[in-house]
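To keep things clear, I will list the structure first and then write my remarks on it.
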Amino acid sequence: MAVLLIIFMTAVFGAFGDDFIEEIFIKPLPPTHLYSYFQFITLINNNDSFVHSNLSPRSIGEVISRFKVEELHLTLTEGQWRHNQWGYPVVDAAPGAELYAWFDPEVEDIDAEWRKLSATLSGLFCASLNFIDSFNTITPQMALWPTGPVKSNVNVTSLLRYASLPREIVCTENLTPWKKLLPCESSRGFSALLNSRMIHNTNYHSIGVHVRKVCASEDCTETKLEIKQTVALVYDYKIIGSNNWSFIKLFGHGLPGACPLATTSTIYIDITSNVTFPFQLSPPPDKIVSSHRGGSVTNLAVYNIETDVEMINVGVKHNSKEKLGVNVPPPLHFNRYVLGYGKEFGGIVTELINNYWTAIDVVVLENAPWWLPIQLSSLRINSEAESKLVKSQYYSPGRSRQKPYHLELLLTLPPRSTTTITIDFEFVFLKWQEYPPDANHGFYIGSAIVTANLPTAKNYTSIPVSGISYNSTFNASQPWYPAVFRTNGAMVSLPTPDFSMPYNVICLACTVVALAFGPLHNICTKELLLKPIGTPLSLTQKVLNFFKRKKE
Amino acid sequence: MAAIMKYMIAGLVRYWLIHIDYWQTIANRVEIATPLNSWKRLVEGVFLYDHNINPYEGDSFHESPIMLLIFHCLMKRVPYLLPLLFTVLDLLTAYLLYKTSKSFIKIFIESQKKQNDDIAEESKTMLLNETQLTEAADYVLSVYLFNPYSVLNCAGMTTTVIQNLLVATSLWSASNGYGILACIFIALATHQALYPVLLIVPIAILLADVNKGCNKCSYIRTLLVFVLCWGFLIYISAYIMDGSYNYLHNTYGFILTVPDLKPNIGLFWYFFTEMFEHFRLLFVCAFQINALALYVIPLTLRFKREPVLLATVLIALSTIFRSYPCIGDVGFYLALLPMWKHLFTFMQQKFIVGCAFIITSALGPTVWHLWIYSGSANANFFFGVTLSFATAQIFLITDLLFAYIKREFTLKHGLSRQVDGKPAKLVLR
């Protein structure tokens, strides 16, 4: 009976032409960390699938069609990806919440739709995306480009909106609604591994939803909709207890088999580091693939997972105890920090380090909130006001409580160099009700976006733009490798007023105003008279005089 | 000769202060630079304008487009001359104030002659004589040149230097009866900082007094010319910004609605930091009316015979109650006070006010450092100091007015404070 049902269901979904792919990519980040990346891809052939929602999550489909979204990226991240130690992730994400979307050119009031979109997603993912408003939204000009096909006559930049909420704390309440979007939810398939007790025990975790259009045919006249849900986790061997990891150690239990609705369910394990840190995989992989991409070789162990199998526990056993290795940083990495002391003036420094032997072109997007007014006149690149490295520049000044400061620079990083971008800011004094709870905790500055066309695929794990599943990275050599990175965020401590005394301040300031008003009123309305100084009056006389004066 | 020495020394001090290593610190002090007048923001505005970004799109620039254009030219062509320019402009202000006080003193003497009949015989000794008055003009000059407030204001290269020059020029023109010139300069000052709009009242009276003739015609003419000039300037500014009036939000809008709550020596910043959002509009209106409109009419009615006093008091009051005051404004009206040297004997709170000025000037930077840099004090400390500074200024002004009416009374009724042979005291009734 069960077999019949499965056959029937497969037939139905086959008729719709929808596909569901689940993949896990695991890469040791020697010597101390382990990166595991999950992606669940739903491909929808025709948009009617939202009406007869089968594999595709209906809620996402409705959001996409109602707000006329062409492409959408939402990530909720806790922790900081360390590019200089860990290389590059498959999908980079900014700490906190990050949302950006391209709208359909037919949308008239993009800002209004954007607010509605963020409010809806806020409800869908239980995240504070409803705090996205015009004061923290920007339209990146050079840093972000759609990953799906676009019509050549459309100015896509004006259709883009970007916002990040670096203060957002990501936790189980975001993961649960995220899992509900999957066809198998968390009962079967790879998503069964995503046990919130374990995945929040990591150094870095990021969940994301990426919706885009992909070409359905060679000439791209027809498009499919791709909904990709991702999870990236970085485990610390110290937390696991040893560098011999297994699914049970990472996720609390083994893999109960593939999702029955999935077309393919594959696990990829990067075993390139086996040479320097020898280990054995158990169970042995189905096959081992060697991928040559842009001059670097990656060896991947591949497991094809079937639906009805015993509990699988993929694991690694190292031959020797922990060993220290030399960390070779990736071709491009960066660092960001805040300068200055006191709470009056400061500066943000973004360091871009190019280790490669050719120049790399990058776009740096600085997005400073309105309460951190940056001064463009103080922009220095390697301490030069007019740097030859800047090829293009875009600046949109911010306005208090309305608009953030937005600076984009197209830079050419010389080979083997460190480029330092410095910009000064002034601390803003907010109204007392504008401070968040625990005002002295500090204020988060979002990360800068660094977009680069890398000349080498060293440490590069991303899926090519035209690809869908992870195996499209195999032997995918290109002239360059586009990548969007986020630098680390930073924190500043704004000067605070005394929150306990609004009444006192109002009273005192008004008293001082009254001190002027009283005498001036007297001077303007009364005149000077000489009054004899008599013997001091008794109390009764004083009272009598008082009433007499009234009568007069 | 002595006067030239004074100018030389004052000029050199200012020029030297602009070139020392601590210049940045001076130019960034909260007491000296406000969001409205700071050099840093002027540089940022000009930089944005130079890069074809509208500086009024953002929140960093609040000067008028005319200033933007002038400083754009200056910074592009002769950036090395700017310190010298600021010094020279400030010395020019001092010179104009000196000239103005001389003309004012002539006006005093004339009005004294007119009132000669009303003056009690025993008070005749109190009348002003020429030498006292020339001394007063010298004091005005010295106070403006060597008052630390004015010196630091110029050293910080704030646009208040230009503001002071415009106001001084308009006062000088009015005291000499150049109606149109006075109107043009007061319109320029108003265009830059709004609050000098109050001065049109004393200037109109002054012009009518100086250019004898039909008083009402003169008032109307002055007002008309002023409004025309101001309107023209607003139009010209919009023309510079390609016909867009959006700059008004960043200039007058910024002054009136007080969106930037960075501390300064005024009363607004902490009051509106701690204000309940619900009442914000009410109190913004109340405070702005207090600064702009409340005292003009009563003081004008009371002191219409003394336009010079009216001008001094209105400048001082608008300085105390404006949304972004700085010590440059304070230095300016303090320089006008020596003209009233003959009132000092009637003032009762000179000592208190003097002490308060000295103490708050020393304490202000100290508690600011404690709050912002060492984190061992909080905002209340600095607020307390600014509050006492404002109180001291208010005492100074009200005391001056009381002194004036006391002197008026004494001139009329003699020095004796006796009624029917019994000792008596002066009271307001």
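The values are calculated or read from the model by the stated rules, or taken from the named source; none is laboratory data. None of these values were measured; they are calculated from a predicted model. Here the Cβ positions follow ideal geometry from the backbone for every residue, glycine too, while neighbour counts run over all protein chains shown. Protein only, heavy atoms only, side chains kept; ligands, DNA and RNA dropped before computing areas. Shrake-Rupley method; radii C 1.70, N 1.55, O 1.52, S 1.80 Å.
A few comments on the model shown:
- The charge dipole of chain B, taken about its Cα centre with unit charges on the Cβ of Lys, Arg, Asp and Glu (plus for the first two, minus for the last two), comes to roughly 1060 debye.
- Each Lys or Arg adds one and each Asp or Glu takes one away; over the other residues whose Cβ falls under 14 Å from the Cβ of residue A:166, this sums to -1.
- Based on protein heavy atoms only, chain A ends up with 44 Å² per residue of surface accessible to a 1.4 Å probe.
- For the set B:102/B:406; B:124/B:350; B:102/B:341, the pairs lying more than 21 angstrom apart at their alpha carbons are B:102/B:406; B:124/B:350.
- Computed on region B:2-423, the Cα convex hull volume stands at 165 Å³ per residue.
- Estimated FRET transfer efficiency when R0 is 51 angstrom, pair residue B:223-residue A:171 (beta carbons, to 0.05): 0.15
- Beta bridges from DSSP with both residues in the protein assembly as shown: antiparallel share about 95 percent, rounded to the nearest 5.
- Chain A: angle of helix A:110-125 to the longest principal axis, Cα-based, in degrees nearest 10: 70 degrees
- Neighbourhood net charge (11 Å Cβ-Cβ; Lys/Arg +1, Asp/Glu -1) for residue B:393: -2
- Antiparallel %, DSSP beta bridges [both residues in chain A], to 5: 95 percent
- Cα centroid separation, region B:291-323 to region A:284-304: 85 Å.
- Net length available on complete extension from residue A:317 to residue A:248 is 23.5 nm, with 0.36 nm assigned per residue and the Cα-Cα distance removed.
- Overall, chain A carries a charge dipole of about 2100 debye about its Cα centre when +1 sits on the Cβ of Lys and Arg and -1 on the Cβ of Asp and Glu, all other atoms neutral.
- Number of partner chain Cβ atoms within 10 Å, mean per residue of B:53-61: 6
- Residue-span extension gain [residue A:217 to residue A:382] - 0.36 nm each, minus C-alpha spacing: 54.6 nm
- Between the residues A:304, A:355, A:375, the greatest Cα displacement towards the positive end of the dipole of region A:264-390, with unit charges on the Cβ of Lys, Arg, Asp and Glu, is found for A:355.
- Chymotrypsin sites (Phe, Trp or Tyr not before Pro) restricted to DSSP loop in region A:156-250 with at most 11 other C-beta within 10 Å: none
- Ranked by the mean number of other Cβ atoms within 10 Å per residue, highest first, peptides A:221-233, A:280-292, B:241-253, B:283-295 order as A:221-233, B:283-295, B:241-253, A:280-292.
- Share of carbon and sulfur in the accessible heavy-atom surface of the protein assembly as shown [1.4 Å probe, %]: 61 percent
- Translational D in µm²/s for region A:457-508 (Stokes-Einstein at 37 °C, 0.692 mPa s, Kirkwood Rh from C-alpha pairs): 201 µm²/s
- The residues packed around residue A:186, meaning those with a beta-carbon under 13 Å from its beta-carbon, carry a net charge of +2 if Lys and Arg are +1 and Asp and Glu are -1.
- Volume of the convex hull of the protein assembly as shown (Cα atoms only), normalised per residue: 224 Å³.
- Among A:497, B:104, A:143 - extreme Cα towards positive end, dipole of the protein assembly as shown, charges at beta-carbon: B:104
- HN-Hα J in Hz across region A:52-58 - Karplus 6.51, -1.76, 1.60, θ = phi - 60°, x for Gly and Pro: 9, 5, 10, 8, 7, x, 5
- Region A:178-234 - Rg and Dmax from Cα coordinates, angstrom: 14.9, 46
- Top positive-direction residue, dipole computed over the protein assembly as shown with Cβ charges, set B:307, A:400, A:516: B:307
- Per DSSP, loop trypsin sites (Lys or Arg not before Pro) in region A:320-361 with at most 12 further Cβ within 10 Å: A:321
- For peptide B:419-427, the mean count of partner chain Cβ atoms within 10 Å of a residue's Cβ comes to 4.
- Two-site FRET efficiency, residue A:441 against residue A:547, from Cβ-Cβ distance with R₀ of 56 Å, rounded to 0.05: 0.35
- Taking the Cα centre of region A:344-391 as reference, the dipole from Cβ charges on Lys and Arg (+1) and Asp and Glu (-1) amounts to some 120 debye.
- Rounded to the nearest angstrom and listed largest first, the equivalent-ellipsoid semi-axes of region A:89-229 from its Cα gyration tensor are 27, 21, 14.
- For chain B, calculated [θ]222 nm from helices alone, where every DSSP H run of n ≥ 4 adds -39500 (n - 2.57): -22000 deg cm²/dmol
- Number of partner chain Cβ atoms within 10 Å, mean per residue of A:485-495: 1
- Normalised per residue, the volume of the convex hull around the Cα set of region B:100-247 (Å³): 127 Å³
- Modelled this way, with points 7 Å down the Cα-to-C-beta line, the labels at residue A:338 and residue B:50 are 3.0 nm from one another.
- Extending 7 Å from the Cα toward the beta-carbon at both residue A:58 and residue A:539 defines two label points whose distance is 8.6 nm.
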